[in-house]
Amino acid sequence: MNIRNDFPITPELVASHGLKPDEYQRILDLIEREPTFTELGIFSAMWNEHCSYKSSKKWLRTLPTKGPRIIQGPGENAGVVDIGDGDCVVFKMESHNHPSYIEPYQGAATGVGGILRDVFTMGARPVAAMNALRFGEPDHPKTRHLVAGVVAGIGGYGNSFGVPTVGGEVNFDARYNGNCLVNAFAAGIAKTDAIFYSKAEGVGLPVVYLGAKTGRDGVGGATMASAEFDEKIEEKRPTVQVGDPFTEKCLLEACLELMASGAVIAIQDMGAAGLTCSAVEMGAKGDLGIELDLDKVPVREERMTAYEMMLSESQERMLMVLRPEKEAEAEAIFRKWGLDFAIVGRTTDDLRFRVLHQGKEVANLPIKDLGDQAPEYDRPWVEPKAPAPLADDDVPEADTADALLALLASPDLSSRHWVWEQYDTLIQGNSLQIPGGDAGVVRVDGHPAKALAFSSDVTPRYCEADPFEGGKQAVAECWRNLTATGAEPLAVTDNLNFGNPERPEIMGQFVKAIQGIGDACRALDFPIVSGNVSLYNETNGQAILPTPTIGGVGLIDDWSHMARIRFAAEGETILILGAPKSLGSHLGQSVYMREIHGRTDGPPPPVDLVHERKIGDYVRGLIRKGVATAVHDCSDGGLAVALAEMAMASGIGAKIDLPAGEDVTRALFGEDQGRYVVTVALDPDSDECKALLEEQEKLGIPASIIGRTGGRELKLGQARAISIEDMKAAHEGWFPGYMGAEIG
Amino acid sequence: MKSAVVLLPGLNRDRDMIAALTKISGKPPLTVWQTDTEIPDVDLIVIPGGFSYGDYLRCGAIAARMPVMRAVAEKAARGTLVMGVCNGFQILLEAGLLPGALMRNASLKFVCREVKLEVANANTAFTRGYSPNQIIRCPVAHHDGNYFADAETLARLEGEGQVVFRYAEGTNPNGSINDIAGIVSEGGNVLGLMPHPENLIESAHGGTDGRALFEGLVGKAA
């Protein structure tokens, strides 16, 4: 039977596809006739915000994307960076925010699946994953359910697929009550001479469909992800896809085997907008047309329409252009792994995207225009208002020990043990540092000394107060976290989560954050090689905090000289590098002010990028020379929290002397940027230690000896000493208590 | 020592296991595929961890019915050493090569952490590298490691020294009865264990407590 493709195209139908009247007019002008129903679906898939970047493109172009190690920047499935010895690291971060709010387990699971596919589509075997998660306030009735579902979904997919999760973030804020954020990162390692791209080459070659069958799940997902939410959100559940990590694992092995056989000319995974997006991308990039015969597409449901097949977001599917002479060999590999293999079309020389179904042509569109002619907007934006600084004498007091314990037990700073114990952090046997430190570290398989470091960072409250400084800070903190392990930061993937760009104040946040990110990436030689933009994170007009997540990758030449946050031994000298004489000063937007005094006013700490680079390069040198025995950057919660984390990680205490005449609160809880706590196995009175301080003075590196490691408690100046057990109880207790589990 | 690793779709610690066997025995193991009906003559057959066939039925249930498992059973019956780790343990139980069952963790959550193990029987081919009652560190990573057996089976396992590894020092991560982490068959040649000794064999892993298991095997069959 024939399935209808001749629904009348009414303004309501156009609007329900997320297309504005002027965008529809553009379609009419482009094809000079009314589109068919299937064609309308194809346009909506290609022209929605998620796929077309129509609001963000103008600004994304301003970001630095080049560098001596960069093999592939944005525009492919993932970025590619040279790590020497013929190897490269392939990585990307992508959001799955909207689906995860609607159906947390499957939304998060398929987010992980999608990003892994992006990485192995390029020919890389995934070696590390991270997840940056933001949830609503803990007391919100939906938060617990979302945390449980998202964490289980990430674990359920990643653990079964077999990639170690080595880092990530979890934050809570009321501004995410109606929109949680799930930003999934994956990295893989490939040979630089065996990277695979999506650009098709050659006319009349078979277009091959591989992997899982096509079902009705996820139809219209990308369009859903390009709209705001309202109270009818539950109705969107059918737009969320269902993940199958087993099939993905088989797909990984089959793809890598196929790539090694030399059969693959071009490959593109089917992610957002499935068959439509992948086919158009392969053709348009290669200046070729594509003809698809939907009767050949493996389906798992009966009577699917052309519209549904073209918009399905069923997971674990790939599209390839293969060398015809290798077809049989390719098919055998896929059959061995129990996966579907079907020739569903061919490349043509007419630059048309033609779709046939049941003997009829249901779409015939100009393939280049589907991507190139997508609308692009220069959306109006307003400069965000800078918050007034706190007055000089505005330093609300609190008992230091009580404040520290409260911070350690706060939702944002408490231990994430409960979360990452549900992730396999050890699989593949290469994990050198698992979550809980500054960055996750994974050694390069087969290399005696090399390792990669991974960190994901952003401080949304800083971005809210000042998007420009917040953007800078996100990049700087990521760079600093990588540096703190001894890694040379290589490149970045950015996952830009914002509200509705049609509102000038939201667009203003976006523009300023991009400018800040760009400035920091340039100053730190930390180019952006891949990324994703997620807009319309709003519910009933309430936008999320601006959250430009930065995922960074660094290279460690020799992991035997790698730093960790835990104190290495008793009796070592503790220094702070990069800090002012007062050790700390900036309280605006600090966790201390928010958690202890309920205040969220003031500007975020400014980032001096020249200072940042100078201090970081110096600290990295200390680690690589084997001088630094433990390193931790100061970030949320300032120096006090950094020291507490070092003590808790090691079980070794410390006694800290604070500089006389300086304000204790600012010194301990200020969130000044560009500071590192470093320990050295030197006596402070020794000649070596004096020589080290002289060297630092000569280089203009601000440095102070602030104390020594030892004992089983942390003593901060004149404050009451706190035992490591008490700190740990506070730190480890919050999450399991909140989630209703036992501490285990 | 000649060894073979069983490969099934969905297993994912096969590479870890192959790396450990290669590093410690000096020889890469052979691999056998799900549909193979014969296994070459080897001293040791290993079924590694993962999620065979997605564990979409009971963990290990589909794998246990694949042709290669008949070949494993035949070898085991003739005394070849067989070791199943994590999903491999689950598969051995489903195949009837070991008694008991592995249920969902008591916490109902996947758990990946380091635990302490007591070597409850150091007099097996797999544990001769350890001393009796030695406490070792070892990571676990599983969702279904909660060992259970009926009272009679349990009494027999305990009575015959078939309990080889036990979670120690209060680190039982999954609710296993009698803190059981690993058991051997009556004949002593089939071992199943939930923890991953293959992930703790070199300084990069932060410890080498898992090494003695492999070294004991290599020494035995060298």
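The values are calculated or read from the model by the stated rules, or taken from the named source; none is laboratory data. It should be emphasised that the depicted structure is a prediction, and the values quoted were computed from it without experimental measurement. Counting neighbours? That spans all protein chains shown, and the Cβs are built from the backbone with ideal geometry, glycine included.
Taking segment A:445-470 as the range and being more than 10 Å from chain B (Cβ to nearest Cβ) and either on the phi > 0 side of the Ramachandran plot or in contact with a strand residue (DSSP E or B) (Cβ under 6 Å, 6 or more places away or on another chain) (or both) as the test, the residues that pass are A:Leu452, A:Ala453, A:Phe454, A:Ser455, A:Ser456, A:Asp457, A:Val458, A:Pro460. Within segment A:382-411, if we keep just the residues that are closer than 13 Å to A:Ile596 by Cα and of a type in the set (D, E, K, R), the residue that is farthest from the other protein chains (Cβ to nearest Cβ) turns out to be A:Glu397. Residue under question is B:Gly88, and the condition is that it be modelled with pLDDT of 95 or more, part of a loop (DSSP other than H, G, I, E, B), among the small types (Gly, Ala, Ser) and closer than 21 Å to B:Leu193 by Cβ; does it hold? In short, no.
Taken together, the criteria place A:Arg335 among residues that are out of contact with any helix residue (DSSP H, G or I) (no Cβ under 9 Å at 6 or more places or on another chain), within 14 Å of chain B (Cβ to nearest Cβ) and not aliphatic (A, V, I, L, M). In segment A:255-276, the residue that is farthest from the other protein chains (Cβ to nearest Cβ) out of those that are in a helix (DSSP H, G or I) and buried (at least 24 other Cβ atoms within 10 Å of the Cβ) is A:Thr276. Only strands (runs of 3 or more DSSP E) whose full extent lies in segment B:114-193 are considered here, and the ones with at least 2 residues that are closer than 23 Å to B:Arg211 by Cβ are B:135-142, B:163-168, B:180-184, B:190-193.
Among the residues of segment A:362-381, is there at least one that is among the β-branched types (Val, Ile, Thr), part of a loop (DSSP other than H, G, I, E, B), buried (at least 22 other Cβ atoms within 10 Å of the Cβ) and at negative phi? So far as segment A:362-381 goes, no, none of its residues is among the β-branched types (Val, Ile, Thr), part of a loop (DSSP other than H, G, I, E, B), buried (at least 22 other Cβ atoms within 10 Å of the Cβ) and at negative phi. Of everything in segment A:501-523 that's closer than 16 Å to A:Thr65 by Cβ and β-branched (Val, Ile, Thr), which residue is surrounded by the most Cβ atoms within 10 Å (Cβ to Cβ)? Only one residue fits best here, namely A:Ile517. Inspect segment A:180-188 for any residue being within 19 Å of the chain's Cα centre (by Cα), more than 14 Å from chain B (Cβ to nearest Cβ) and more than 24 Å from A:Gly554 (Cα to Cα) and give the result as yes or no. Yes, segment A:180-188 contains at least one residue that is within 19 Å of the chain's Cα centre (by Cα), more than 14 Å from chain B (Cβ to nearest Cβ) and more than 24 Å from A:Gly554 (Cα to Cα). Within segment B:22-44, the set of residues being more than 20 Å from B:Gly129 (Cα to Cα) and among the acidic types (Asp, Glu) comprises B:Asp36, B:Glu38, B:Asp41.
Scanning segment A:705-724 for residues that are assigned to a strand (DSSP E or B), surrounded by 17 or more Cβ atoms within 10 Å (Cβ to Cβ) and of a type in the set (Gly, Ala, Ser) yields a single hit, A:Gly707.
Residues of segment B:207-221 that are out of contact with any Lys or Arg (no Cβ under 8 Å at 6 or more places or on another chain), away from chain A (no Cβ under 11 Å) and under 18 Å from B:Gln134 (Cα atoms): B:Thr208, B:Arg211, B:Ala212, B:Leu213, B:Phe214, B:Glu215, B:Leu217.
For segment B:60-86, taking the residues that are more than 16 Å from the chain's Cα centre (by Cα) and touching a residue at least 40 places away in the same chain (Cβ under 8 Å), the one that is nearest to the other protein chains (Cβ to nearest Cβ) is identified as B:Met66.
Does B:Ile177 satisfy the condition of being in contact (Cβ under 8 Å) with a residue 12 or more places away in the chain, within 11 Å of chain A (Cβ to nearest Cβ), more than 26 Å from B:Ala77 (Cβ to Cβ) and β-branched (Val, Ile, Thr)? So B:Ile177 fails the test.
Entry remark, segment A:459-500: residues being farther than 21 Å from A:Ala386 by Cβ and surrounded by fewer than 24 Cβ atoms within 10 Å (Cβ to Cβ) number 2 in total. Quick check on segment B:113-127. Is at least one of its residues within 14 Å of another protein chain (Cβ to nearest Cβ) and either closer than 21 Å to B:Leu7 by Cβ or not charged (D, E, K, R) (or both)? Scanning segment B:113-127 turns up at least one residue that is within 14 Å of another protein chain (Cβ to nearest Cβ) and either closer than 21 Å to B:Leu7 by Cβ or not charged (D, E, K, R) (or both). Contact map, segment A:423-439: residues that are facing chain B (nearest Cβ under 7 Å) and part of a strand (DSSP E or B) paired with residues that are basic (Lys, Arg) and surrounded by fewer than 24 Cβ atoms within 10 Å (Cβ to Cβ), Cβ distance under 7 Å, separation 6+ or inter-chain. Pairs shown: A:Leu432/A:Arg443. Against the numbered list (1) under 15 Å from the mean Cα position of the chain (by Cα); (2) within 14 Å of chain A (Cβ to nearest Cβ); (3) of a type in the set (D, E, K, R), B:Arg166 comes up short only at (2). Is it fair to say A:Leu251 is in contact (Cβ under 8 Å) with a residue 60 or more places away in the chain and surrounded by 24 or more Cβ atoms within 10 Å (Cβ to Cβ)? Yes.
Each row is one residue, and each column tells you yes or no for (1) of a type outside the set (Asp, Glu); (2) more than 21 Å from the chain's Cα centre (by Cα).
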site: A:Glu23; (1), (2): no, yes
site: A:Ala45; (1), (2): yes, yes
site: A:Ser52; (1), (2): yes, no
site: A:Pro64; (1), (2): yes, no
site: A:Gly86; (1), (2): yes, yes
site: A:Asn97; (1), (2): yes, no
site: A:Ser100; (1), (2): yes, no
site: A:Tyr105; (1), (2): yes, no
site: A:Thr110; (1), (2): yes, no
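Screening B:Ala204 against (1) touching an Asp or Glu at 6+ places or on another chain (Cβ under 9 Å); (2) part of a helix (DSSP H, G or I); (3) within 12 Å of another protein chain (Cβ to nearest Cβ) leaves a single unmet condition, (1). Going through segment A:386-417 one residue at a time, which ones are within 16 Å of A:Ala642 (Cα to Cα) and assigned to a loop (DSSP other than H, G, I, E, B)? A:Ala409, A:Ser410, A:Asp412, A:Leu413, A:Ser414, A:Ser415, A:Arg416 - these are the residues of segment A:386-417 that are within 16 Å of A:Ala642 (Cα to Cα) and assigned to a loop (DSSP other than H, G, I, E, B).
In segment A:5-41, the residue that is nearest to A:Arg354 (Cα to Cα) out of those that are part of a helix (DSSP H, G or I) and polar (S, T, N, Q) is A:Thr38. Restricting attention to segment A:310-322, does a residue exist that is at pLDDT below 95 and over 30 Å from A:Tyr157 (Cβ atoms)? No; the residues of segment A:310-322 include none that is at pLDDT below 95 and over 30 Å from A:Tyr157 (Cβ atoms). Among the residues making up segment B:1-59, those that are part of a helix (DSSP H, G or I) and away from chain A (no Cβ under 11 Å) are B:Leu21, B:Thr22, B:Ile24, B:Ser25.
Selection of segment B:43-73 for residues being in contact with a strand residue (DSSP E or B) (Cβ under 9 Å, 6 or more places away or on another chain) and aromatic (Phe, Trp, Tyr) yields only B:Phe51. Scanning segment A:392-425 for residues that are under 15 Å from A:Ala667 (Cα atoms) and either touching a Lys or Arg at 6+ places or on another chain (Cβ under 8 Å) or of a type in the set (Ser, Thr, Tyr) (or both) yields a total of 5.
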